[in-house]
């Protein structure tokens, strides 16, 4: 299921985590794209889409990766090791790059809960030691699928939140009612997935998008997340979709004639 030589490296990560009493999984886009190869919707995946791997481990990911780096170097036949390229201690995440797999970007995340002190604010993070409780902080059910790297269940897909059923039905479903208030850029992500996978936005999710976009505070929320917004806008436009230059929010949740009517970056200036 996991393609290429990186499979052995990921399997070794799982074994190392298990030996320390932890569990580790691939989560997010890699698993979504892997499942979508076999779902009824047709979707053409680029190699790049499968070279971005997010891992979640039920402990402090930063502490684990430093332990594993020392172990890996000591046990590699040529004493080769990987580089730690970025640490985000406030979120409990760390990025690594392996010289034997330079095309891959691997990010480790600690299992955590997130609370938002105000709309569109960056979350306050609390590390936890439970994989299942970590998943509802994510944007959509299709991004909460797990691919096990653990010895007893290696390459098994685990679904706690109905993501496989939503993949099969071609639905984008949000986790909770405040999701688009906590992070309004999820609105743009929902539309991007809708185009990219030819999925439908589930009815309750669509209603929540409409309610959020009609809120008079939306311009302020978007401005607070401008950097993330610009990233999502560029991803949308990379699919050949026009992002409206209209400054208003009127009809912004409608998809018509391959045009995505959402506020442009000009709206936030």
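The values are calculated or read from the model by the stated rules, or taken from the named source; none is laboratory data. Bear in mind that the values here come from a model prediction, so they are computed numbers and not experimental data. Every residue, glycine as well, gets a Cβ built from its backbone with ideal geometry; the counts of neighbours run over all protein chains shown.
A few points about this structure:
- Sole residue being touching a residue at least 12 places away in the same chain (Cβ under 8 Å), more than 23 Å from residue 188 (Cβ to Cβ) and loosely packed, with under 15 Cβ neighbours inside 10 Å, chosen from 133, 148: 133
- Restricted to the range 1-113, the set of helices (runs of 4 or more DSSP H) holding at least 1 residues that are at pLDDT below 90 and farther than 22 Å from residue 159 by Cα comprises 61-75.
- Among helices (runs of 4 or more DSSP H) entirely within the range 152-232, having at least 1 residues that are touching a strand residue (DSSP E or B) at 6+ places or on another chain (Cβ under 9 Å), modelled with pLDDT of 90 or more and crowded, with 19+ Cβ neighbours inside 10 Å singles out 163-169, 179-182, 185-197, 203-214.
Listed here are the residues, each with its yes/no results for (1) farther than 25 Å from residue 52 by Cα; (2) free of Cβ contacts under 8 Å to residues at least 24 places away in the same chain; (3) in contact with a helix residue (DSSP H, G or I) (Cβ under 9 Å, 6 or more places away or on another chain).
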| position | (1), (2), (3) |
| --- | --- |
| 120 | yes, no, yes |
| 156 | no, yes, no |
| 176 | yes, no, yes |
| 194 | no, no, no |
| 197 | no, no, yes |
| 204 | yes, no, no |
| 216 | yes, yes, no |
